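Report on the following structure.
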Amino acid sequence: MTRHTFLVISGAVLLFTGLEQNALGHGTPIQLSAVDGRLQTDEPVYESTFEEPDFPLPSATDEPGVDAVSGISVADQVYLEVTSPLWFSTGTSEGSAVVPTGTLTIIGPNDGQDYYEYNVTGTIDTLAGMLWLPHEGQVDHAHGLYVLSDEGTDGTGVYGLQLQFSSPQFASSDPFLLLLATHDFDEADFDAASAQIFAAVPVLGDMNGDRLVNQEDVPLFVEALVNRPAYNLREFEFPVDADVNGDLNDDGRFDLGDLGSLANLLAGGGSAEATTVPEPGVALMAMTATLMHLLFHRRSKVADGRLRRFC
Ligand SMILES: [Ca+2]
Ligand SMILES: [Ca+2]
């Protein structure tokens, strides 16, 4: 297995419109790798919060510089793409994520001469593909900046943007979610705001709530189909709406008709955590076997009169 690894260190900056000073925060490092011809990140969600602002904003041309690359060839091209609209949540109870009128600016690493800057608003097509690599010379890690512009109606809260890395040389990474909280946001409300953004940006096919799609979702996919009460008792790292995540053929229903779509999805690459990728037929057979086992298991327990539920 060939493994190329380099680091994308994400800085994060909060820019106050109308103020001369700017607030600087540091984002979570994103580790990007290429394994067996496929890009992958080390986490499905990255968070950044700003406690005490740090002044002043460093020069954009200095901070997002690229120091080095190891692994991925400088001849390879890697792009950063937006895969869903920009979302915003204030984390209020019973609230929801909304598409903000404000702007999130992404400043990509430079190539020794210049840097790339893209503004993302509520529309998905603002960042159609930002060239993240190649860079000249040896590069071990790259820096990016995310600038939250306090414009429009969005104020204190959390921004959520789903991104992915793509490349002509590699299969695309799974989408990953970037969560950025403004410096004056109460971190006690961060989980609520995040949950509202998670709901706005579901990961289709993720049935075990890790925001990844791989073989581990198969038994949960089946359980959600055949025994929803048991499935609903489960607690996941990230919230899951089975009827949304499981409706892979986009017909508005989560049912047996989605099984084949999950098989195709897994055969198409799985996720960053998947180590083997089955053929569609193999995946479908595995799911069918799991389904039959669970159905038989439930029937047996019901038949003996002692257990009415399986888990
Ligand atoms: Ca999953
Ligand atoms: Ca469906």
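Find the residue count for the range 178-204, including only residues that are at pLDDT below 90 and in contact with a helix residue (DSSP H, G or I) (Cβ under 9 Å, 6 or more places away or on another chain).
Adding up the residues that qualify gives 3.
What are the residues in the range 207-237 that are in contact with a Phe, Trp or Tyr (Cβ under 8 Å, 6 or more places away or on another chain) and within 9 Å of ligand 1 (Cβ to nearest atom), if any? Outline the logic, then answer.
Just the residues of the range 207-237 that are in contact with a Phe, Trp or Tyr (Cβ under 8 Å, 6 or more places away or on another chain), to begin with: 207-211, 220, 223-225, 227, 230.
Met207, Asn208, Gly209, Asp210, Arg211, Leu220 - these are the residues of the range 207-237 that are in contact with a Phe, Trp or Tyr (Cβ under 8 Å, 6 or more places away or on another chain) and within 9 Å of ligand 1 (Cβ to nearest atom).
Here is a yes/no grid of residues against (1) under 28 Å from Leu161 (Cβ atoms); (2) surrounded by 21 or more Cβ atoms within 10 Å (Cβ to Cβ); (3) at pLDDT 95 or above; (4) within 13 Å of ligand 2 (Cβ to nearest atom):
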residue	(1), (2), (3), (4)
Asp206	yes, yes, yes, no
Phe221	yes, yes, yes, yes
Ala230	no, no, yes, no
Asp247	yes, no, yes, yes
Leu256	no, no, no, yes
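Select from the range 169-204 the residues that are of a type outside the set (Gly, Ala, Ser), more than 16 Å from ligand 2 (Cβ to nearest atom) and assigned to a loop (DSSP other than H, G, I, E, B) and list them in ascending order.
Pass one, the range 169-204, residues of a type outside the set (Gly, Ala, Ser): 169-170, 174-180, 182-187, 189-191, 196-198, 201-204.
This time we only want the ones that are more than 16 Å from ligand 2 (Cβ to nearest atom), so: 169-170, 174-180, 182-187, 189-191, 196-198, 201.
Gln169, Phe170, Asp174, Pro175, Thr182, His183, Asp184, Phe185, Asp186, Val201 - these are the residues of the range 169-204 that are of a type outside the set (Gly, Ala, Ser), more than 16 Å from ligand 2 (Cβ to nearest atom) and assigned to a loop (DSSP other than H, G, I, E, B).
Tally time: how many residues in the range 118-135 are within 21 Å of Leu32 (Cβ to Cβ) and either in a loop (DSSP other than H, G, I, E, B) or modelled with pLDDT of 75 or more (or both)? Before the answer, list the steps.
Of the residues in the range 118-135, the ones within 21 Å of Leu32 (Cβ to Cβ) are 118, 120, 127-135.
Retained after the next criterion (residues that are either in a loop (DSSP other than H, G, I, E, B) or modelled with pLDDT of 75 or more (or both)): 118, 120, 127-132, 134-135.
Result for the range 118-135: 10.
The values are calculated or read from the model by the stated rules, or taken from the named source; none is laboratory data. All values derive from a computational prediction rather than experimental measurement. Please note: Cβ atoms are built from the backbone with ideal geometry, for glycine as well, and neighbour counts cover all protein chains shown.
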